[in-house]
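Undergrad: Below you'll find the structure I mean.
The values are calculated or read from the model by the stated rules, or taken from the named source; none is laboratory data. Computed from a prediction, not measured in an experiment: that's the story for all the values here. Glycine also receives a Cβ, built like all others from the backbone with ideal geometry; neighbour counts cover every protein chain displayed.
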Amino acid sequence: MGTISARVPDELEAELEAYLDEENLDRSTAVRKLLTEGLDEWRRDRALDQLEAGQITVSAAAEQAGVSVWELAQLANDRDITWVDDDHLDDDLEAL
């Protein structure tokens, strides 16, 4: 397991301390949890952006985001992304 060291503003450190107290976590566990959640969100956003731009199919976006096709479809719906088009429909249906 690697080690990451970062300098953070005092305000962010104070928020982290409040998070540690509220969640009853040690610093390393809390930072890992927050980093994992942030990267999960980044992967989903990136996949949805590429789906919206027509760069990938919904099945590829789901794989990239680490969610099921149905979860990805719901996320796309939540962001008002139309993901069904003639160019990718056959690919998406085959992947299901």
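Undergrad: Hey, could you check segment 23-52 for residues that are acidic (D, E) and within 17 Å of the chain's Cα centre (by Cα) and say which is nearest to I81 (Cα to Cα)?
TA: First, pick out the residues of segment 23-52 that are acidic (D, E): 23, 26, 37, 40-41, 45, 49, 52.
If we keep only those that are within 17 Å of the chain's Cα centre (by Cα) too, we end up with 37, 40-41, 45, 49, 52.
Numbers: E37: 23, D40: 19, E41: 17, D45: 12, D49: 9, E52: 6 Å.
Looking at residues that are acidic (D, E) and within 17 Å of the chain's Cα centre (by Cα), I get E52.
Undergrad: Anything in segment 36-52 that is surrounded by fewer than 17 Cβ atoms within 10 Å (Cβ to Cβ) and in contact (Cβ under 8 Å) with a residue 24 or more places away in the chain? List them, or say none.
TA: Residues of segment 36-52 surrounded by fewer than 17 Cβ atoms within 10 Å (Cβ to Cβ): 36-43, 45-46, 49-50, 52.
Within segment 36-52, D40, E52 meet the criteria.
Undergrad: Among the numbered conditions (1) among the charged types (D, E, K, R); (2) surrounded by 11 or more Cβ atoms within 10 Å (Cβ to Cβ); (3) closer than 30 Å to T82 by Cβ, tell me where E15 comes up short.
TA: (3)
Undergrad: Further question on the same structure: Looking at (1) surrounded by fewer than 15 Cβ atoms within 10 Å (Cβ to Cβ); (2) of a type in the set (S, T, N, Q); (3) under 19 Å from the mean Cα position of the chain (by Cα); (4) modelled with pLDDT under 90, which is the one condition that is false for Q55?
TA: (4)
Undergrad: If T36 satisfies all but one of (1) at pLDDT 95 or above; (2) over 30 Å from L72 (Cβ atoms), what's the number of the condition it fails?
TA: The one condition T36 does not meet is (2).
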